[in-house]
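Chemist: The structure that follows is given in the form of structure tokens.
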Amino acid sequence: MAKKNFEYLEALRKVMKDKGIDAVIISGTDPHQSELPPMHWRGREWLTGFESGNGTNGTAVVLADQAYCWTDSRYFIQAEMQLKDTGFQMMKEDGPDAVDLIDWVTEHLNAGQTLAIDGMTFSVSYAQRLEQELNDNGIKFVDNFPQFDYIYPDRPERPKNKLFVHDEEIVGQTVDSKVEAVMEQVKGELANAVMLSSLDDIAWVTNLRTANDIAFSPIFVAYLYLDADRRVLFIDKEKITEEVQKHLDKYHFEVQPYDSILDFAAALPKETRLLIDPMKTARGLYDHIGCTPVFGGAGVAKLKSIKNATMISHLETAMKKDGVALTRFFMMVEKEYPEGKLTEVELGKRLRALRLADPACVDESFAPILGWNAHGAIVHYEATEETDIAIVGDGLLLVDSGGQYVYGTTDITRTIALGTPTADQIHDFTLVMKGHIALSNAIFPQGTRGDQLDVLARQFLWKEGKAYYHGTGHGVGFFINCHEGPQNIRLNHNPTPLEPGMITSNEPGLYLEGRYGIRCENLIVTVPAMTTEFGAFYKFQPMTLFPFDRTLFQKDIMTEEEINWVNNYHKEVYAALSPLLEPEEQKWLAEKTLPL
């Protein structure tokens, strides 16, 4: 593949030379700023050979004699391996040796030179910052360079998968009520119309889903325009079934071709004040807007992030179904592990089959991460035929996986010992779990942000000079995206406070390159805790239902409160799952949930 990558790179450089372009930045996303875009837009992966698995994190820079690919700490090890002999060199965008891409570009280009991007695959916000930096340094900026139209003859076509209606009995909210809520947010931002580009926002508003447009997310490629009088869905008509058309007619949607969006934006009446989210809207679309754009839209994402009581009730059902599948999976692992025939790839196939055996599970919620020993230290490792290894000997198996159930989206990580764990592995696992428990036990006042709580999960690792660099928690959608904003729990500042109804992950970890990785993840929902003279206070309630490996706890460094938390959580897991299991499975789970 590396030889092919060199050929692609040289083809791009020839086009750049012909068009007078000295450098090009290539994003890993699509016109909707999707985390994992359809194959049609995954040209950066095709060009560089770096396939970032469960995310698009990778941005390439190509100059006449140099080529680089930036990525974050989740992918450092993976990127180093995949970029070898491709003509691209990895650059770190976070961690101690981070290099800011835009700063690097401005330092390595001279005044009068030209840098280009495909404006349809960069957000307004990113492109504006880039353009300002380039202008300040006398570097010319071109934002309409669709490089893959020139060099990618076998590019996959845009997906044409059929839509279906997500049952509003499960959603607990009609499309009309959602549109009304969105338009209230629009008015509050002094606009009178909104253009939604983010695919999860569009799926949420319309109560529509599909399979296979985007891997592991039941969302679909479209745009949505709303004002006081019109609801216009821009989508390829091949995707509309009779059932979906009736749904759209019921809620008074017009359907226009996906490719008509730029002409539509250009023809909007001058008096229209169009709300767009600059983080989610493509620069290329923004360039065509013929009315007054209004930057904002965070309120729309917040509406989606707060799950109603019906959703949370159904998510409990999804968690039980997931817990049953996981019980059967880990029972299988323990039973067959001594035979020495299990591999990472085989485990991934088995886990997928067990989840999809339930008719309510439409897909996995991301490509499962199954890392044995050293592979567990690759944060977003994805086992392939080339990297696959057998599960033999002693060590730790890290399994990060989830399901897209019509009742909700799951995401869970468990690290288990097979054979005899070392004292260091037990100690490190306990440090990670102490952080997990501290965050899970947090009580905090209304208005608290995730970055104000993040240190709770890291403190025990920090005390021993250990750390992880990914976020501790991300928002999770409801049968939409596994990763959802605007809330999160991480070191970086995020102005969004945590509110009741928000689903977030709690997943501290530790990764020792070449040795082992540990991550312990539950999904948690923010709920009211108490109201005092100081106002409302919130807390977290675990939603995930599966035990942690009891053999990996070092009790002598745990407090009584921490031990009680594990025991109480395990008691809840057994109570929830045991009625759904066969007698042999009940016995296995009973042993796994015994008190520490």
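The values are calculated or read from the model by the stated rules, or taken from the named source; none is laboratory data. Here the structure is a predicted model, which is why all the values come from computation and not from measurement. Reconstructed Cβ throughout: ideal geometry from the backbone, glycine too, with neighbour counts over all protein chains shown. Note: areas computed on protein heavy atoms with side chains; ligands, DNA, RNA excluded. Shrake-Rupley method; radii C 1.70, N 1.55, O 1.52, S 1.80 Å.
Chemist: Which lysines, if any, have their Cα less than 28 Å from the Cα of K587, not counting same-chain residues under 8 positions apart?
Modeler: Counting by Cα, and skipping residues close in sequence, K587 has these lysines nearby: K320, K321, K335, K341, K349, K434, K555, K571.
Chemist: Would you kindly state how much longer the chain becomes between A353 and T422 on full extension, computed as 0.36 nm times their sequence separation minus their alpha carbon distance, in nm to one decimal? Show your work: numbers first, answer last.
Modeler: On the way: separation 69, 0.36 × 69 = 24.84 nm, distance 3.20 nm.
This chain segment gains 21.6 nm when fully extended.
Chemist: While we're here: Let me make sure I get this right: for the stretch 334-437, a, b and c are the square roots of the gyration tensor eigenvalues over alpha carbons, sorted descending. Under 1.5 in a/c it's rounded, otherwise prolate if a/b > b/c, else oblate. Which is it?
Modeler: On the way: a/c = 1.96, a/b = 1.31, b/c = 1.50.
Taking the square roots of the gyration eigenvalues as a ≥ b ≥ c, the stretch 334-437 is oblate.
Chemist: Another question about this same structure. Obtain the nm distance between the two label points defined at I389 and V527 by a simple spin-label model: each point lies 7 Å from its Cα along the Cα-to-C-beta direction.
Modeler: 4.1
Chemist: Please report the accessible area of K19 (heavy atoms, 1.4 Å probe, ligands and nucleic acids excluded) in Å², nearest 10.
Modeler: In the full protein context, K19 sits at about 110 Å².
Chemist: Excluding residues on the same chain fewer than 8 positions from K84, give the lysines whose Cα lies under 26 Å from its Cα.
Modeler: K3, K4, K14, K17, K92
Chemist: Sort the stretch 34-189 into rounded, prolate or oblate with this rule: let a ≥ b ≥ c be the square roots of the eigenvalues of the Cα gyration tensor; rounded if a/c is under 1.5, and if a/c is not under 1.5, prolate when a/b is larger than b/c, oblate otherwise. Show your work: numbers first, answer last.
Modeler: Numbers: a/c = 1.96, a/b = 1.53, b/c = 1.28.
Prolate shape, in that a/c is at least 1.5 and a/b is the bigger ratio.
Chemist: Would you mind classifying the stretch 224-297 by shape? Square roots of the alpha carbon gyration tensor eigenvalues, ordered a ≥ b ≥ c; an a/c under 1.5 is rounded, otherwise it is prolate if a/b is larger than b/c and oblate if not.
Modeler: Details: a/c = 2.12, a/b = 1.76, b/c = 1.21.
Prolate is the answer for the stretch 224-297, as a/c is 1.5 or above and a/b outweighs b/c.
Chemist: Quick check for me: using +1 on Lys/Arg Cβ and -1 on Asp/Glu Cβ, what's the dipole size of the chain about its Cα centre, in debye to the nearest 20? It would help to have the intermediate numbers written out before the result.
Modeler: Values: 57 positive and 87 negative charges, 84 e Å.
Result for the chain is approximately 400 debye, rounded to the nearest 20.
Chemist: With point charges of +1 on the Cβ of Lys and Arg and -1 on the Cβ of Asp and Glu, referenced to the Cα centre of the chain, which listed residue (V142, L101, T496) lies farthest in the positive direction of the dipole?
Modeler: With unit charges placed on the Cβ atoms, the residue in question is T496.
Chemist: Leaving ligands, DNA and RNA out of it, report the carbon-plus-sulfur percent of the accessible area of the chain at a 1.4 Å probe. List each step's numbers first, then the result.
Modeler: Values: 11940 of 23720 Å².
Looking at the chain in its full context, I get 50 percent from C and S.
Chemist: With every protein chain kept in place and ligands, DNA and RNA left out, what is the accessible area per residue of the chain? Probe 1.4 Å, answer in Å². Before the final figure, lay out the partial values.
Modeler: Details: 23720 Å² over 596 residues.
Result: 40 Å² of accessible area for each residue.
Chemist: May I pose another question? Given a 1.4 Å probe and heavy atoms of the protein chains only, how would you sort D549, D149, largest accessible area at the top? Walk me through the numbers on the way to the answer.
Modeler: Values: D549 25, D149 105 Å².
My answer, sorted largest first, is D149, D549.
Chemist: Using a 1.4 Å probe on the protein heavy atoms only, what accessible surface does M183 show? Give it in Å² to the nearest 10.
Modeler: 20
Chemist: Follow-up question, since we're still on this one. How high is the relative contact order of the stretch 285-426, given as a whole-number percent (alpha carbon pairs under 8 Å, six or more residues apart)? Walk me through the numbers on the way to the answer.
Modeler: Details: 188 pairs, mean separation 33.8, N = 142.
Relative contact order for the stretch 285-426 comes out at 24 percent.
Chemist: Another question, then. Relative contact order for the stretch 176-321: what percent, with Cα pairs under 8 Å and sequence separation of 6 or more?
Modeler: Details: 207 pairs, mean separation 35.7, N = 146.
Computed value for the stretch 176-321: 24 percent relative contact order.
Chemist: Further question: Quickly work out the E513-to-E168 label distance, labels modelled 7 Å from Cα along the C-beta direction, and quote it in nm with one decimal.
Modeler: 5.4
Chemist: Give me the net charge of V476's neighbourhood, meaning all other residues with Cβ under 10 Å from the Cβ of V476; Lys, Arg count +1, Asp, Glu -1. Please list the in-between numbers first.
Modeler: Numbers: positive: K307; negative: D411, E484.
The answer is -1.
Chemist: Additional query: For the full complex of protein chains and a 1.4 angstrom probe, list K463, K304, K237 by accessible area with the highest value first.
Modeler: On the way: K463 155, K304 5, K237 125 Å².
Correct descending sequence by accessible area is K463, K237, K304.
Chemist: What relative contact order, as a whole-number percentage, does the stretch 475-565 give when Cα pairs under 8 Å and 6 or more residues apart are counted?
Modeler: On the way: 114 pairs, mean separation 16.0, N = 91.
Worked out over the stretch 475-565, it gives 18 percent.
Chemist: Still on this structure, I have one more. So how exposed is R328, as accessible area in Å² (1.4 Å probe, rounded to 10)?
Modeler: Accessible area of R328: about 90 Å².
Chemist: Another question, then. Once you place label points 7 Å from the Cα toward the Cβ at V15 and E339, how far apart are they in nm?
Modeler: 5.0
Chemist: Sticking with this one: Find how many whole Å separate the alpha carbon centroid of the stretch 349-395 from the alpha carbon centroid of the stretch 187-206.
Modeler: 36
Chemist: Quick one: order D154, D94 from most to least accessible surface, probe 1.4 Å. Mind dumping the intermediate values first?
Modeler: Working: D154 130, D94 40 Å².
Sorted by accessible area, descending: D154, D94.
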